[in-house]
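This report refers to the structure that appears directly beneath it.
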Amino acid sequence: MAGPDFDLVVIGAGPGGYVAAARAAALGMKVACVEREERLGGVCLRVGCIPSKALLDSSELYAAARERLAEHGVGVGKVTLDLAALRARKDRVVAELTDGVRKLLERGGVEVVRGVGRLAGPASVEVSPGRGKKKAVLSGRAVLLATGSEPVDVGAFPADGKRIVTSTEALDFDAVPKRLGIVGGGYIGLELGSVWARLGSEVTVIEALPRVAATADGQVGRALERSLRKQGLSFRLKTRVVEAKASSRGVKAVLEDEGGKRETFSCDRLLVAVGRRPLTRGLGLGEAGIAPDPRTGRIPVDTSYRTRVPTVFAVGDLIDGPMLAHKASAEGVAAVEGLAGLPGEVSYDSIPSVIYTHPEAASVGLTEEQLKERGISYRSGTYPFGGNGRARCLGETEGFAKVLAHRASGRLLGVHIVGPRASDLIAEAVLAVELGVGAEALARTVHAHPTFPEVLMEAAAAAARSG
Ligand code: FAD
Ligand code: NAD
C-alpha cells in the first residue's frame, strides 16, 4: 500500500508556516504548504509588518525633511508628498519580499498548493482551490496549522472597509484623511496613527485603558504618549467608542468615558484596532476533536506544539503568546525540529517586542510592573539618550534605556528602551537576557564610542550600582 504523499502538510504560508515548511524541507522532509492567497508570507508580509514599516519609514523621511533637516543646515526647498508614489513603493517592497518567499520555498523543494485548507483526517488536508476547480486531499504523516489571526470587530459597529476600517485598509488609504479616529491605542493604533499624523491627518486615538501601549513598561508607555502628543496625535484615554455610523461624508461616533459621560465625535475614517483573534474558522477542528480555548480562541498545544491529535501541530498567532512574526517563526522551526527528533525549543522569556513609532519603543523580559506584581526584588537603572554623544550628533535625544536586574544575582530580568533605533538596540539586550548575563557584565563590556548602544551600557551600569 502506498504511504502518505508528504511527511508534512502545512496550512498557511505566514511567518509561522513558511519558515516551518522551509526548515522541514531542509531537514529532508517532503513538504506541502497550502495557502489561500496568491502572495505568500502571510499577514506579516502582505498586510502587516512589512507594509506598515514601509509606510512608517517613508512617512518618517517626510517628517524629517519637513521638521528636522533644517537643524542640520540642510535645506530641501518645498517638501511635497506624493501619496501615490509612497503607496506604490510600499507595494513594491511587499511584492519583492513575497516573491522572495515563493522562491525560497520552491528552491527548497516545498510544494506550494494554492487553496483553502481544512483538516480532513488526523494527518490529511482537503484543499479547495476555488469555484469550478476540483478539491484535492493531501495526505501526510503530520499536519502543521499556521493560519494566523484576523482583526477583532467591535460588535456595535463592524468594519465596512470604507469608512470604518481595519489595518488592512488603513495601510492603503488613497488620500490622507483630514480627521482619522482610531479605536485602540496598542501596536496598530500607535504605528498607523503615527503614519497618518506625519502625512497630515488630525489623529485621535481612543483607548479604553488609562494608558496607551498597555503591554509596555509603564515608564516607556508614558514617555511614548508624551512624545506622540508633541507630534500632534490626540489621546482620549479611559474612553470607549460605543456607537459609530458611517455615511458618505464620514463617521459619527459616540464616545463614553469611565464615568458614563457621552459625547459625539466625527472623523473621515475610523480605524478599529482593538486586537486580533486566531483564525480557526473552517479549519475542521471540531470534526478532528480539537477544541480552541473557549476564552481566548487559541488552540491548546503541548511543549512540542502538538495539539490533542498527536499528528496535528499548531504555531504562531493560532496559539498562546504574543502575536508577533518572529515568535511564530521560532515556533515553526521548533515544531518541525521536534518532528525530526531534534531538540527544538523557543525561549519565551526573551522574545523582543517593538513599537515602530518615533521614537521607537522596544522591550525584552519583564516590565517593572510585572516585577512588582510577582514580588521579585530588583535593581533598576536608566540612562537618557540626551547624555549620549551619537544621539546628540544626530539630534535624536528623546528617550531612555531602562535596565531591570535581579537584586541579588544582578541577572537581567527586563530591558526597556524608548528612543532612536530602539528596534536595533534591543538585540543586544535580547542576547544578554537569553544568555543570563548580569548588569555588571553588560556595563563592563566595551562599547564603541560614540554609538547608541552606549546608552544600554550606561543603563546597565546604573542598575549594577543602584542600592
Ligand atoms: P499569518 O501571518 O496570519 O499567516 C497565516 C496565513 O495562513 C495567511 O497567509 C492566510 O492567508 C493563510 N490561511 C489562513 N487560513 C487558511 C486556510 N484555511 N487555508 C490556507 N491558508 C490559510 N508582528 C511583528 O513581529 N512585527 C511587526 O512589525 C508587526 N506588524 C504588524 C502590523 C500589522 C498591521 C498587523 C496586522 C500585524 C503585525 N504583526 C507584526 C503581527 C504579525 O503579522 C503576526 O504575528 C504574524 O503574521 C503571525 O504569523 P502566522 O504565521 O501565525 O500567521
Ligand atoms: P493591541 O492588543 O496591541 O491593542 C489593542 C488596544 O485596544 C488595547 O490597548 C485595548 O485596551 C484597546 N481596546 C480594546 N477594546 C477597546 C474598545 N472597545 N475601545 C477602546 N479601546 C479598546 O491590538 P492591535 O493594535 O489591534 O494589534 C493586534 C496585534 O497585532 C498586536 O497585539 C500585536 O501582537 C500585533 N502587531 C504587532 C506589531 C509590532 O510588532 N510592531 C504591530 C502591529 C500589530
Here the qualifying pairs (Cβ atoms under 9 Å; residues six or more apart or on different chains; first in segment 173-199 and free of Cβ contacts under 8 Å to residues at least 12 places away in the same chain and among the polar types (S, T, N, Q); second assigned to a helix (DSSP H, G or I) and buried (at least 21 other Cβ atoms within 10 Å of the Cβ)) come out as none
Leu192, sole failed condition from (1) part of a helix (DSSP H, G or I); (2) touching a strand residue (DSSP E or B) at 6+ places or on another chain (Cβ under 7 Å); (3) near ligand 2 (Cβ under 6 Å from one of its atoms): (3)
Tally the residues that are among the acidic types (Asp, Glu) and within 21 Å of the chain's Cα centre (by Cα), restricting the search to segment 392-424. 1
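Listed here are the residues, each with its yes/no results for (1) in contact with a Phe, Trp or Tyr (Cβ under 7 Å, 6 or more places away or on another chain); (2) among the small types (Gly, Ala, Ser).
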position	(1), (2)
Glu207	yes, no
Arg240	no, no
Ser247	no, yes
Asp257	no, no
Leu270	no, no
Leu283	no, no
Checking Leu69 against (1) touching a helix residue (DSSP H, G or I) at 6+ places or on another chain (Cβ under 9 Å); (2) away from ligand 2 (no atom under 16 Å from the Cβ), only one condition comes out false. Which one? (1)
State all residues of segment 21-46 that are part of a helix (DSSP H, G or I), more than 9 Å from ligand 1 (Cβ to nearest atom) and under 25 Å from the mean Cα position of the chain (by Cα); if no residue qualifies, say none. Ala21, Ala22, Arg23, Ala24
Report, by residue number, each residue of segment 357-406 that is assigned to a strand (DSSP E or B) and of a type in the set (Gly, Ala, Ser). Ala361, Ala362, Ser363, Gly365, Ser380, Gly381, Ala401, Ala405
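Within segment 231-328, which strands (runs of 3 or more DSSP E) (wholly inside it) include 3 or more residues that are open to solvent by 50 Å² or more (accessible area, probe 1.4 Å) and away from ligand 1 (no atom under 14 Å from the Cβ)?
Values: elements: 234-236, 239-246, 251-257, 262-267, 269-272, 276-278, 312-314.
By residue number, 239-246, 251-257, 262-267.
Which is more than 30 Å from Val242 (Cα to Cα) and within 12 Å of ligand 1 (Cβ to nearest atom), of Leu144, Leu97, Leu104? Steps first, answer last, please.
Numbers: Leu97 fails: within 12 Å of ligand 1 (Cβ to nearest atom); Leu104 fails: within 12 Å of ligand 1 (Cβ to nearest atom).
Leu144 is the lone residue from the list that is more than 30 Å from Val242 (Cα to Cα) and within 12 Å of ligand 1 (Cβ to nearest atom).
Looking at segment 307-316, can you tell me whether even one residue there is of a type in the set (Lys, Arg) and free of Cβ contacts under 8 Å to residues at least 24 places away in the same chain?
Checking segment 307-316: at least one residue is of a type in the set (Lys, Arg) and free of Cβ contacts under 8 Å to residues at least 24 places away in the same chain.
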Looking at segment 318-338, I want the residues that are of a type in the set (Lys, Arg) and have a partner that is more than 12 Å from ligand 2 (Cβ to nearest atom) with Cβ atoms under 8 Å, at least 6 apart or on another chain. Which pairs are those? Lys327/Val346
Just wondering, is there one or more residues in segment 20-39 that are within 16 Å of ligand 2 (Cβ to nearest atom) and open to solvent by less than 40 Å² (accessible area, probe 1.4 Å)? no
Among the numbered criteria (1) open to solvent by 10 Å² or more (accessible area, probe 1.4 Å); (2) of a type in the set (Gly, Ala, Ser); (3) within 11 Å of ligand 1 (Cβ to nearest atom), which one does Ala340 miss? (3)
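Quick test for you: out of Leu366, Leu394, pick the one residue that is closer than 21 Å to Leu56 by Cβ, of a type in the set (A, V, I, L, M, F, W, C) and open to solvent by 20 Å² or more (accessible area, probe 1.4 Å). First the steps, then the outcome.
Numbers: Leu366 fails: closer than 21 Å to Leu56 by Cβ.
Result: Leu394 is the single residue among Leu366, Leu394 that is closer than 21 Å to Leu56 by Cβ, of a type in the set (A, V, I, L, M, F, W, C) and open to solvent by 20 Å² or more (accessible area, probe 1.4 Å).
The values are calculated or read from the model by the stated rules, or taken from the named source; none is laboratory data. Predicted model only: the values in this text are computed from it and were never measured. Here Cβ is always computed from backbone atoms with ideal geometry, including for glycine, and neighbour counts include all displayed protein chains. Keep in mind that these areas ignore ligands, DNA and RNA; they rest on the heavy atoms of the full protein, side chains included. Shrake-Rupley method; radii C 1.70, N 1.55, O 1.52, S 1.80 Å.
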